[in-house]
Structures are given as C-alpha cells and as structure tokens.
Amino acid sequence: MQLYDPIIRETLAALSARPARSYAYAQSRAWKDNGASELVMQRDAAYELGGDDKPAVNFSCVTTDASFVDKDEIVVIGKDLGDIASSVPFARLAFVLIDDIKAEEGDTEPLFRAIQDIDFVKYHVFPEGYMVRTSAENNREQVRISKKAKAAGISFERVGCDYIAQYKRDPNIRAVKLVFVTDPALDYKKLAQDAKTVHDITLTLSKILEGMPADCNSCNLKPICDEVEGMKELHFGQNKAEFRS
Ligand code: SF4
C-alpha cells in the first residue's frame with residue numbers, strides 16, 4: 001500500500017532541512033482531553049495557530065513502510081505553544097504506520113475502511129484549551145489556544161501524546177509520527193498542495209467504496225488515479241489487469 005508514500009518521502013525530506021525537536025510518546029504525558037469540543041472565546045484566547053489568515057495546513061498519510069515511521073514520536077519544528085504570543089503559520093502532519101491489510105481478490109473494502117477510520121481520528125481529539133477548527137473544503141486546521149492552557153504549560157509534546165493515544169485505539173495502527181510545524185521558513189504553499197493531493201486520494205477511495213464504474217475511461221476520478229501510483233491496482237485487485245485505462 002504505497003498510495004501516500006511519494007508525498008511522505010517528499011514531505012519528510014523537506015522537513016528534515018529545518019531544526020526539529022523529537023519527543024517519545026508516553027500515554028501518561030497526554031494533555032487532558034475534554035472528550036468533547038470546547039468553545040474557547042476570543043477574550044479567553046492567548047493566540048491562534050493559523051490565525052489572521054496565516055497558513056493552517058493539516059493532512060494524514062497512511063503507510064506500510066516502517067522506514068518512514070519507526071516509532072511513536074512527536075516532532076516539533078518551530079516555536080512551541082508556550083513560546084508563541086500571536087498568530088503563527090501552522091501545520092499538523094500525521095504519518096501513520098499500519099499493518100499491511102491485503103486487498104485480496106479485489107476486496108479492498110477493509111483497507112479503505114481502515115484508511116478512512118484513521119483520517120477521522122482527528123475529529124475525536126479534544127485537548128483542553130486547544131480548540132480546533134477544521135475546514136474540509138480547504139484542508140485547514142486552525143487552533144485557538146486558551147490563556148489558561150498556556151499558563152498551565154500546554155505544549156505540542158503533550159497535545160501530541162493526546163493525539164497518539166487516540167490513534168492507538170485503532171488496532172490497525174502500529175506507530176505514529178506526528179509533526180507540528182510553526183517555523184515560518186517552511187514552504188506552507190507546498191504543504192497545502194500536498195494536503196489537497198492527500199484529500200483527493202482519500203476522496204477517491206471513498207468513491208471507490210461507493211461503487212465506481214469498472215472502466216477508467218468513463219470515470220471522473222481518472223485524473224487523480226493517473227497521478228497516484230497504485231490506485232488502479234487497488235481498485236481492481238493487485239493481480240488483475242482487467243480494467244480499461
Ligand atoms: S481506478 Fe479507474 S475506475 Fe477506479 S476510481 Fe480510478 S479512474 Fe475510476
């Protein structure tokens with residue numbers, strides 16, 4: 001399952017050019033989770049990640065290649081939450097190692113469902129004083145940090161441990177590399193393009209699940225599948241060359 005691997009490879013290479021700090025995952029370090037979304041009012045906010053129209057990129061990529069994700073880890077590139085005083089550009093990227101779920105005899109549903117479930121994890125993480133606002137339309141993930149959380153010592157390491165704890169409830173997941181970026185020197189435009197490609201791939205998987213035609217030439221997703229290596233093989237089964245493309 002290599003659908004997202006080219007994006008992961010490129011993104012990790014770009015990120016490796018900037019200074020980063022790495023933290024090991026420990027469930028006991030997870031920032032308190034409210035279990036439901038919390039409203040942080042403007043007057044109670046310290047600042048916003050991605051506020052004032054600054055970039056706010058988010059995407060999650062699934063892989064079966066352990067060389068990309070060899071352990072549970074939180075990586076921070078740029079200022080941490082305690083050091084930020086006003087709006088900054090922001091990206092949160094999740095690289096998720098899963099077991100190799102075989103698409104046997106064209107039955108790709110278990111794999112597709114697993115990928116969708118992983119994509120939905122982000123909607124089930126509610127760190128206290130960390131109000132996330134997502135836009136599926138443009139893949140933005142903006143975060144309002146409360147003054148109270150900042151004063152209490154909230155950090156990406158602790159928020160990341162909360163995210164990874166939620167990911168680890170999924171039995172298909174073996175490890176997660178979660179990257180938080182606030183470094184203004186990063187190319188957020190490129191990250192936003194990658195987020196769109198990831199979104200398109202996941203959307204295509206959903207459409208395939210709903211039942212697509214078996215003829216690529218009459219399918220409106222063909223431009224995406226032509227770009228993404230392995231998509232057609234996944235749709236029609238690894239060893240089948242029956243589709244017309
Ligand atoms: S593999 Fe072909 S039929 Fe399937 S979604 Fe892609 S273009 Fe459409």
Fill in the blank from the handout: Residue pairs qualifying under the 8 Å Cβ cut-off, at least six apart or on distinct chains, with the first in region 72-91 being without any contact (Cβ under 8 Å) to a residue 60 or more places away in the chain and the second being assigned to a strand (DSSP E or B) and among the charged types (D, E, K, R), are 87/48
Exercise for the section: Pick out, from region 110-220, the helices (runs of 4 or more DSSP H) lying fully within it that include 1 or more residues that are free of Cβ contacts under 8 Å to residues at least 24 places away in the same chain. Expected result: 147-151, 188-211
Practice task
Restricting attention to region 153-174, report how many residues are within 18 Å of residue 76 (Cβ to Cβ) and either among the polar types (S, T, N, Q) or more than 13 Å from the chain's Cα centre (by Cα) (or both).
Solution key: 10
Exercise for the section: Take the residues in region 189-239 that are touching a Lys or Arg at 6+ places or on another chain (Cβ under 7 Å) and more than 21 Å from residue 119 (Cβ to Cβ), then tell me which one is farthest from the ligand (Cβ to nearest atom). Expected result: 217
Practice task
Would you mention how many residues in region 1-21 are surrounded by 13 or more Cβ atoms within 10 Å (Cβ to Cβ) and either under 18 Å from the mean Cα position of the chain (by Cα) or among the aliphatic types (A, V, I, L, M) (or both)?
Solution key: 14
Problem - Subset of region 25-49 [farther than 19 Å from residue 125 by Cα and among the hydroxyl-bearing types (Ser, Thr, Tyr)] - result: 47
Practice task
Take the residues in region 129-143 that are more than 12 Å from residue 55 (Cα to Cα) and of a type in the set (Val, Ile, Thr), then tell me which one is surrounded by the most Cβ atoms within 10 Å (Cβ to Cβ).
Solution key: 132
Fill in the blank from the handout: From the option list 130, 123, single residue qualifying as closer than 15 Å to residue 60 by Cβ, at pLDDT 85 or above and hydroxyl-bearing (Ser, Thr, Tyr) is 123
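The values are calculated or read from the model by the stated rules, or taken from the named source; none is laboratory data. On a predicted model such as this, the values are computed, not experimentally measured, just so you know. Neighbour counts run over all protein chains shown; Cβ positions are idealised from the backbone, glycine included.
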